[in-house]
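What follows is a single structure, written as structure tokens, with notes after it.
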Amino acid sequence: MKYLFLLLLNFLIFYIATAQEAKLFNGRDLTGWTIHGTEKWYVENKQLVCESGPDKQYGYLSTNKKYKNFLLTLDFKLEANGNSGVFIRSGIDGTKINGWQVEVAPEEHHTGGIYESYGRGWIIQPKPEDEKWLKGKEWNKLKIHVIGDEVTTWLNGHQMVYLKDEKIGKGEGFIALQIHDGGGIKVRWRDIKIKQLKD
């Protein structure tokens, strides 16, 4: 009887945990998102693709909803050299974004580090020995945990950075994917999920 109770309790905990998780990308279209700029954002093979357009400028795809405290997980694949990223607690005017970017970039370019746009610049970068966790032009899993003034990132199951920052703690806004300027960039995204957390 005790075993059955524990089994049911574990099932209930699992159900509650998974019920809180929501898909940010439905695999069909860009419902729930807004495009900023003229770069290309489209769905192909149930994957979200961002690609440099003819203007070769910055571009962003932001959630319509704002998120404060959350656990975000997603897969990405860099199909060409170039910088991308995931912005948290951010706002945007045209294609000028304010907020904090979790870096997504080629080898040795600090994927998982945190950069403040139009502010302090790099706040924290992964240790040099942690750069090896990026799988080149293969699928990679990125996890971002944001709670209060703390941000932790993981790449392929390995913790890349932990940051406690007062300014981030006061931040509010949406989540956004970025495509850097300069042209020649193409990134694929899939399985974008979020679990909202309490303070």
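The values are calculated or read from the model by the stated rules, or taken from the named source; none is laboratory data. In this text, all values refer to a predicted model and were calculated from it rather than measured experimentally. We place every Cβ from the backbone using ideal geometry, glycine too, and count neighbours over all the protein chains shown.
For the range 100-122, what are the residues that are at pLDDT 95 or above, out of contact with any Phe, Trp or Tyr (no Cβ under 7 Å at 6 or more places or on another chain) and not in a loop (DSSP other than H, G, I, E, B)?
The one that is at pLDDT 95 or above, out of contact with any Phe, Trp or Tyr (no Cβ under 7 Å at 6 or more places or on another chain) and not in a loop (DSSP other than H, G, I, E, B): Val102.
Find the residue count for the range 29-60, including only residues that are over 19 Å from Lys96 (Cβ atoms), hydrophobic (A, V, I, L, M, F, W, C) and in a strand (DSSP E or B). Working first, answer last.
Going residue by residue through the range 29-60, those that are over 19 Å from Lys96 (Cβ atoms) are 29-32, 40, 42-49, 51, 54.
Those still in the list that are hydrophobic (A, V, I, L, M, F, W, C) too: 30, 43, 48-49.
Those still in the list that are in a strand (DSSP E or B) too: 43, 48-49.
Number satisfying all stated conditions: 3.
Restricting attention to the range 163-198, report how many residues are in a strand (DSSP E or B) and in contact with a His (Cβ under 9 Å, 6 or more places away or on another chain). Please lay out each step first, then the result.
The first filter runs over the range 163-198 and keeps only residues in a strand (DSSP E or B), leaving 163-164, 174-179, 186-196.
Then drop every residue that is not in contact with a His (Cβ under 9 Å, 6 or more places away or on another chain), which leaves 176.
Selection size over the range 163-198: 1.
Restricting attention to the range 60-75, report how many residues are under 22 Å from Leu134 (Cβ atoms) and either of a type in the set (Val, Ile, Thr) or out of contact with any Leu (no Cβ under 9 Å at 6 or more places or on another chain) (or both).
Count: 1.
Hey, Tyr162 hits all of (1) of a type outside the set (Gly, Ala, Ser); (2) closer than 25 Å to Cys50 by Cα; (3) at pLDDT 95 or above but one; which does it fall short on?
Checking Tyr162 against (1) of a type outside the set (Gly, Ala, Ser); (2) closer than 25 Å to Cys50 by Cα; (3) at pLDDT 95 or above, the one that fails is (2).
Filter the range 40-67 down to residues that are surrounded by 14 or more Cβ atoms within 10 Å (Cβ to Cβ) and within 17 Å of Asp93 (Cβ to Cβ) and give me whichever is modelled with the lowest pLDDT. Break it down stepwise before answering.
Narrowing the range 40-67 to residues surrounded by 14 or more Cβ atoms within 10 Å (Cβ to Cβ): 40-41, 43, 47-53, 56-63, 67.
Filter once more, so that each one left must be within 17 Å of Asp93 (Cβ to Cβ): 57-63.
On the way: Gln57: 76, Tyr58: 83, Gly59: 89, Tyr60: 94, Leu61: 96, Ser62: 97, Thr63: 98.
Step by step, filter the range 40-67, then rank; the result is Gln57.
Taking the conditions exactly as written (charged (D, E, K, R) and either more than 14 Å from the chain's Cα centre (by Cα) or on the phi > 0 side of the Ramachandran plot (or both)), does Lys40 satisfy them or not? Walk me through how you get there before you give the answer.
Working: charged (D, E, K, R): yes; either more than 14 Å from the chain's Cα centre (by Cα) or on the phi > 0 side of the Ramachandran plot (or both): yes.
Spelling it out, Lys40 is indeed charged (D, E, K, R) and either more than 14 Å from the chain's Cα centre (by Cα) or on the phi > 0 side of the Ramachandran plot (or both).
Name every residue in the range 78-106 that is farther than 18 Å from Glu39 by Cα and surrounded by fewer than 20 Cβ atoms within 10 Å (Cβ to Cβ), in order of residue number.
Gly91, Asn98, Pro106
From the list Gly94, Gly112, which residue is in contact (Cβ under 8 Å) with a residue 40 or more places away in the chain, over 24 Å from Lys195 (Cβ atoms) and touching a strand residue (DSSP E or B) at 6+ places or on another chain (Cβ under 8 Å)? Please lay out each step first, then the result.
Working: Gly112 fails: over 24 Å from Lys195 (Cβ atoms).
From the options Gly94, Gly112, the qualifying one is Gly94.
Of all residues in the range 69-84, which are at pLDDT 95 or above and in a strand (DSSP E or B)? If you could, list the steps in order and put the result at the bottom.
Going through the range 69-84, the residues at pLDDT 95 or above turn out to be 69-77.
Matches in the range 69-84: Phe70, Leu71, Leu72, Thr73, Leu74, Asp75, Phe76, Lys77.
Looking only at the range 131-177, how many residues end up being of a type in the set (S, T, N, Q) and surrounded by 20 or more Cβ atoms within 10 Å (Cβ to Cβ)?
Within the range 131-177, the first condition is being of a type in the set (S, T, N, Q), and the residues that meet it are 140, 152-153, 156, 159.
Still in the list and also surrounded by 20 or more Cβ atoms within 10 Å (Cβ to Cβ): 153.
Of the residues in the range 131-177, 1 are of a type in the set (S, T, N, Q) and surrounded by 20 or more Cβ atoms within 10 Å (Cβ to Cβ).
Could you check the range 131-162 and list, in sequence order, the residues that are touching a Ser or Thr at 6+ places or on another chain (Cβ under 9 Å), without any contact (Cβ under 8 Å) to a residue 40 or more places away in the chain and either in a strand (DSSP E or B) or over 21 Å from Ile192 (Cα atoms) (or both)?
Glu131, Gln159, Tyr162
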